[in-house]
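I have placed the structure first, in the form of structure tokens, so that the comments after it can refer back to it.
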Amino acid sequence: MSDFEPKIIGFLCNWCSYAGADLTGVSRIQYPTNLRVIRVMCSGRVDPPLPLSFLAEGADGVMITGCHIGDCHYIDGNLYAKRKFGLLERLVEKAGLERGRVMLEWVSASEGQKFADVVTGFIEMIREMGPTPAATDPEIRLNLRVAQEAAEAYRLRAIVGKEEKLEKKGNVYGDKLSQEELEKIMDDAVELEYTRNKIKLLLKEPMSVKELAKKLGIDSKVVLEHIVVLRQRGWVDLHEVRDHSPLYKTMEVA
Amino acid sequence: MSDEPRVGVFVCHCGINIGGYLDVPDVVKYAETMPGVAYAEANLYTCSSDGLQKIKEAIKKHSLNRVVVASCTPRTHETLFQGACEEAGLNKYLFEMANIRDQCSWVHMHERDKATQKAKDLVRMAVAKARLLTPEEEPEIDIQPVGMVIGGGVSGLTAALSLANQGFKVHLVEREVRLGGYLNELDRLFPNNARAEDVTGPLIQQVKEAPEITVHLNSTVTDVKGFIGNFDTEVTTGEKTQPLNVGTIIVATGANYLNPKGFYGYGEVEGIVTQLELGGLIKEHKVGDAKTVVMIQCVGARTAERPYCSRICCSEAMKNATLLLEEDPRREVHILYRDLQTYGLEYTALELDAKRKGVKLIKYEAERPPVVTKGEKGPVVKVFSPLMGEELTIEADMVVLSAPLIPNEDNKKLSQLLKVPLNQDGFFLEAHVKLRPLDFATDGVYICGTAHSPKEVAESLAQARGAASRAGIPMAKGRLRTAAITSVVDETKCSGCGTCIELCSYNAITKNERGLAQVTSAVCKGCGVCGASCPERAITMRHFTNEELEAQGLAAIKEA
């Protein structure tokens, strides 16, 4: 494992973390060479489909760094970064990767040493985990694409977009949701949307509910419920009936 | 312009800063093979006028429609290179940087091959993004012609006056109950022994009389929001808090003086004082019949804990030594030093004058510092002189410690409020030591005086006037072209759900008459939160589009 050089991608916010990383250089503090940096204006800009796409393509780890809570250059962009990261972590795990392959940290413009420590620590952790299974396991790669699709679809994005408000200001009825209630909502929604997107992807080949249930390892009754929703959304339709068993297929989008 | 990308790549040696730690010619050779790259070259300094000229020539000669510079950080140099592109007729948003110095050669100084590989990857990522870049237009914003100066010491007073003289309103915020800062505690100032009160007195008078300047005493800045042109700040005076809207901010919060408690028996042995205390004693003619005075330099400075040179202490010691001898020429004054830092013409003259008047200079080594003990009639100093190769014993009447200026304790708090960095020592760090010495990397915030680093009064005054000039530029112009990095809504995708409207911290997004989201570009600050959250993925962040960021990341993982 000693010759394993992890491929790490880092999203750095322009105002704090990227400046902190520059200060690491100005101070000549040394750290391993594995990090490849993408500069973004705010950590809240990091849309979960992006890191998921990099993980699917073989990145061993993705780190996101932003201003400390309360110090965001854009007032509260990092709070939204935190919400999005919650979705990202869940989807990474659903796809069968370790949660630790993605990391969110706060590094200010004056924390040159901290930046070096954060990068070094993350690289060491990924080294211990070993190369990403996505590089060798097509199933995981497919799962990551499913996760990416789920993160691109309306429902999860709408929930993540509203989380901050639901916790701090309340919903349209004025009810505030606790962190635990929100966690539960997110967990359930991720479970549902991930499974539905996986069905969508699997049904590029026509398949019966029974076959789907076997592939997904879940009850065929649950699969049928998903099929009903997916048909309502116009994503999946009946393909043909073979041996008294209906086969479903994902709708081709022109 | 043809849509086919023709990228020009310019790889900077930065003298030896990059070229000394990674293989620049190899990076250039590699860049030439990248898809879309029409031209690549190496420069000794791409940011020199020669280097900028080469970019401009190459744009014309090779019909380049994208430019990538692989050098230092976009935080300091992007604007400069974008300017060169614009001069050659290329929209500045068709430019991209690869940070192969601050985030590569300087942090991988002992791994030449790996650093070279990383530089190639970073260039590949930048080229991948550059291929997708599109030209953008910049909206204009108004600049509030009001400056804020934080700190009412000699630097802050000078900066505030200078802004007022340029015709701008100024809010001067001082933490203490009186103006004057650290100079209030000093008597004579080197090199010409001017009285400190003769320097601060007139300044304070002028500041108080200037109708443009509002002085907030006993006040601190407790909140800062917004950007150059429109900073929404909050100044707290006692229990009272008031909002102040200003266009620019100058940091002039000064420094502190290290209390040398624990060094050389200070506070324990009778007859040991600091240079600051000695200044007071000289002023009040209280040195009395102290005949033998020993000054010790670098007390708590240039150590592992505080590695920097405090810069002013050698000249301060020369000045005080000379004053002591002028008061009573029969005195014996020794200065125990590590390296004499009486730099420049005036301070060298000061040193020569002190020597002429009989000051004795004794060098000591950091590894064998002097030892001060309590003697029968006063402190006894033992010091090993490496030049004489022997230990000297001096029975002193008074020992004077030269302690360094140290950063203010609340620098960290202010740095976080203003989103500007501190260096490793805890002083405020400018955007670039040579190119932007008075600016912070954050537009509209400037630095002067000892908040930046230990320095003497004349240097602080020069810096203060410089910072005020820098702050005056955008305020005099009144309007500023802002970055085009804003979000834009695709109305064919927007469902009018309003998520972005709730998320935007600047109220830059509203619903239009069709019930769909609409961005006001001049108000949008370009964070990208809305785009990254839009359920319909209907919002694009200019210059940081999903496609650009994805291409950049994928280029990091895979070649071509």
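The values are calculated or read from the model by the stated rules, or taken from the named source; none is laboratory data. Computed from a predicted structure; not experimentally measured. Because the Cβ atoms are built from the backbone with ideal geometry, glycine has one as well, and the counts that use them run over all protein chains shown. We work out accessible area using only protein heavy atoms, side chains counted, and drop any ligands, DNA or RNA first. Shrake-Rupley method; radii C 1.70, N 1.55, O 1.52, S 1.80 Å.
Points to keep in mind about this one:
- Distance from the Cα centroid of region A:88-125 to that of region B:419-490 is 32 Å (rounded to whole angstrom).
- For the residues of B:517-528, the average number of beta carbons from a partner chain within 10 Å of their own beta carbon is 3.
- Each of A:153, B:416, B:63 was placed along the dipole of the protein assembly as shown (beta-carbon charges, centred on the mean Cα), and the one lying farthest toward the positive end is B:63.
- For region B:487-550, size of Cβ-based charge dipole, Lys and Arg +1, Asp and Glu -1, in debye: 200
- Entries in A:114/B:525; B:225/B:493; B:118/B:412 that, when Cα-Cα distance is taken, lie over 29 Å: B:225/B:493; B:118/B:412
- Distance from region A:211-254 to region B:154-232 (C-alpha centre basis), Å: 74
- Reduction of at least 10 Å² in accessible surface, 1.4 Å probe, comparing all protein chains with the chain by itself, residues of region A:155-183: A:157, A:158, A:161, A:162, A:165
- Of the chymotrypsin sites (Phe, Trp or Tyr not before Pro) found in region B:92-189, not one falls in a DSSP loop while having at most 12 other beta-carbon atoms within 10 Å.
- Dividing the helix sum by the residues of chain B, where each DSSP H run of 4 or more adds -39500 (n - 2.57), gives a mean residue ellipticity at 222 nm of -9500 deg cm²/dmol.
- Under 5 Å, built H, 5+ apart or other chain: amide partners of residue B:336: B:295, B:296, B:297, B:362
- Here the label points at residue B:26 and residue B:409, each 7 Å from Cα along the C-beta direction, are separated by 5.1 nm in the simple model.
- In region B:538-553, comparing the full protein assembly with the chain on its own, the residues that lose 10 Å² or more of accessible surface at a 1.4 Å probe are B:541, B:544, B:546, B:549, B:550, B:552, B:553.
- Fluctuation leader among A:45, A:233, A:36 - chain A, Gaussian network, Cα springs under 10 angstrom: A:233
- Rounded to the nearest 20 debye, the dipole magnitude of region B:164-266 is 140 debye, with +1 charges on Lys and Arg beta carbons, -1 on Asp and Glu beta carbons, and the Cα centre as origin.
- Other protein chain C-beta atoms within 10 Å of residue C-beta, averaged over B:502-508: 4.
- For region B:221-289, the set of trypsin sites (Lys or Arg not before Pro) satisfying both a DSSP loop assignment and a count of at most 13 other C-beta atoms within 10 Å is given as B:261, B:286.
- A DSSP coil position with no more than 15 other Cβ atoms inside 10 Å describes the following trypsin sites (Lys or Arg not before Pro) in region B:489-523: B:493, B:514.
- Reach of residue B:319 by Cα under 26 Å, taken over lysines that are not fewer than 8 positions away in the same chain: B:261, B:283, B:286, B:291, B:355, B:357, B:360, B:363, B:382, B:455
- For the set A:215/A:249; A:204/B:129; B:92/B:511; A:204/B:558; A:7/B:120, the pairs lying more than 21 angstrom apart at their alpha carbons are A:204/B:129; B:92/B:511; A:204/B:558.
- Summed buried accessible surface, chains A and B, 1.4 Å probe, nearest 100 Å²: 5600
- Region A:1-43 - accessible surface per residue (Å², probe 1.4 Å): 27
- Contact order relative to length of region B:337-397, as percent, for alpha carbon pairs under 8 angstrom and 6 or more apart: 24
- Of every Cα-Cα pair in the protein assembly as shown, the percent that sits beyond 42 Å: 43
- Fraction of antiparallel bridges per DSSP, the protein assembly as shown only, in percent to nearest 5: 45
- The dipole here belongs to chain B: it is taken about the Cα centre, uses +1 on the Cβ of Lys and Arg and -1 on the Cβ of Asp and Glu, and is about 500 debye.
- Rolling a 1.4 Å probe over the protein heavy atoms of the protein assembly as shown, with every protein chain left in place, gives an accessible area that is 51 percent carbon and sulfur.
- Region A:115-203: Lys pairs at Cα distance under 20 angstrom, eight or more positions apart or on different chains: 8
- Accessible area (Å², per residue) of region B:521-560, counting only protein heavy atoms and a probe of 1.4 Å: 33
- Burial here means at least 40 square angstrom less accessible surface with every protein chain in place than with the chain by itself, probed at 1.4 Å; in region A:73-109 the buried residues are A:73, A:74, A:75, A:80, A:84.
- Choice from A:20, A:100, A:130 showing the highest fluctuation, given a GNM over chain A with Cα pairs closer than 10 Å: A:130
- Dipole of the protein assembly as shown, positive end: most advanced residue of B:13, A:170, B:205 [Cβ charges, Cα centre]: B:13
- Membrane-span-like helices in chain B, defined here as complete DSSP H runs extending at least 27 Å along the helix axis by their C-alpha atoms with mean Kyte-Doolittle hydropathy no lower than 0.0, are B:457-477; this is a sequence and geometry rule, not a statement about a membrane.
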